[in-house]
Amino acid sequence: MSAQRIESFATPEEYLALERAADFKSEYYAGEIVAMSGASFRHERIVVNLAATVHRILRGKPCQPNGGNLRVRVRRTNFVYPDLTVVCGEPRFADSEHLDTILNPTVIFEILSPSTEANDRGIKWRLYQQIESLEHYVLIHQDSARVEVHTRQNDVDWILHAEEGLAGRIALPAIGAEIALADLYEGIEMEARAE
């Protein structure tokens, strides 16, 4: 999904009122509302594969996946839409009336595209590091079989592990999960890489 700035300044309350009435999704960065556009076939295929895989792995465990229409609030002034989140234990919501904005994701997944990669690696990554409950930030490439996992070590340090190729597997110890890249990219034709 790509993004386009649509509002120069709004309060968090104004953003939420607009967002809940809107026909399209927008993210909110400390006063700036940024509209999100549609996604590619590959992106959506990976989202479906990811959701199905994570749901299957976590069935019966205290952690549950949530789709990309559930917002995450970071601090009080940022609202974003990850492609998929996992919350362990009881979800905490920004307000008890709407239940549409979570505060405590354990894992956040983003699927990279040419139009979102800079944002996912830049401002979103800086924001996600501020979420105390977050243990893993997972970046999934849509144009090649490559997944990067950032794992929290302490309050400031994160370790990056990358897997490439359909035989690869990623480990997410915080939720007791291991995911095969072949499952994420099932049904997606990968372009051959030039050697």
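The values are calculated or read from the model by the stated rules, or taken from the named source; none is laboratory data. Note that the structure is a prediction, hence the values are computed from the model and not measured. Ideal geometry is used to build each Cβ from the backbone, glycine not excepted, and the neighbour counts take in all protein chains shown. These accessible areas exclude ligands, DNA and RNA; they are computed on the full protein's heavy atoms, side chains included. Shrake-Rupley method; radii C 1.70, N 1.55, O 1.52, S 1.80 Å.
Looking at region 110-147, which GluC sites (Glu not before Pro) are in a loop (DSSP not H, G, I, E or B) and have at most 12 other Cβ atoms within 10 Å?
Glu132
Roughly how many Å² is the accessible area per residue of the chain, as a whole number, for a 1.4 Å probe?
Averaged over the residues of the chain, the accessible area is 51 Å².
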query = Per-residue accessible area for His136 at 1.4 Å probe radius, Å² rounded to 10?
reply = 0 Å²
note = Helix 41-58: inclination vs the chain longest Cα principal axis, degrees, rounded to 10, gives 80 degrees
inquiry  = At 1.4 Å probe size, with the rest of the protein present, what percent of the exposed accessible area of the chain is carbon and sulfur atoms?
reply    = 50 percent
message = Taking mean projected area of the Cα convex hull in nm² straight from the coordinates, which label in (1) 9.2; (2) 11.4; (3) 10.2 is the correct one?
response = (2)
inquiry  = Taking every alpha carbon pair in region 18-61, what does the distance histogram look like in 10 angstrom bins from 0, in percent?
reply    = 22, 29, 32, 16
remark   = Rh_Kirkwood(region 1-90) over Cα pairs, Å, one decimal, evaluates to 14.4 Å
inquiry  = For the chain, take the longest principal axis of its alpha carbons; what is the angle in degrees between that and the long axis of helix 12-21, to the nearest 10 within 0 to 90?
reply    = 70 degrees
ask   = Across the chain, where is the longest run that never hits chymotrypsin sites (Phe, Trp or Tyr not before Pro) in a DSSP loop with at most 10 other C-beta atoms within 10 Å?
value = 25-195
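If you keep only loop residues by DSSP, which trypsin sites (Lys or Arg not before Pro) in region 87-195 have at most 14 other Cβ atoms within 10 Å of their Cβ? Could you put the intermediate results ahead of the total?
Working: sites: Arg92, Arg121, Lys124, Arg126, Arg146, Arg152, Arg169, Arg193; in loops: Arg92, Arg193.
Those satisfying the criteria are Arg92, Arg193.
Lys and Arg at +1, Asp and Glu at -1: add these up for the other residues within a Cβ distance under 14 Å of Leu127 and post the number. Display every interim value, and only then the final one.
Numbers: positive: Arg71, Arg73, Arg75, Arg76, Arg121, Lys124, Arg126; negative: Glu27, Glu32, Glu110, Asp120, Glu132.
After counting each charged neighbour, the total is +2.
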ask   = Rounded to the nearest 500, what is the chain's calculated 222 nm mean residue ellipticity when only DSSP H runs of at least 4 contribute -39500 (n - 2.57) each, over all residues?
value = -6000 deg cm²/dmol
query = If one computes the Cα centroid of region 95-149 and of region 15-89, what distance in Å separates the two points?
reply = 9 Å
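Within 14 Å, Cβ to Cβ, of Ile108, how many net charges do the neighbouring residues add up to if Lys/Arg are +1 and Asp/Glu are -1?
Values: positive: Arg71, Arg73, Arg121, Lys124, Arg126, Arg152; negative: Glu27, Asp83, Glu110, Asp120, Glu132, Glu135, Glu148.
Counting the neighbours of Ile108, the net charge comes to -1.
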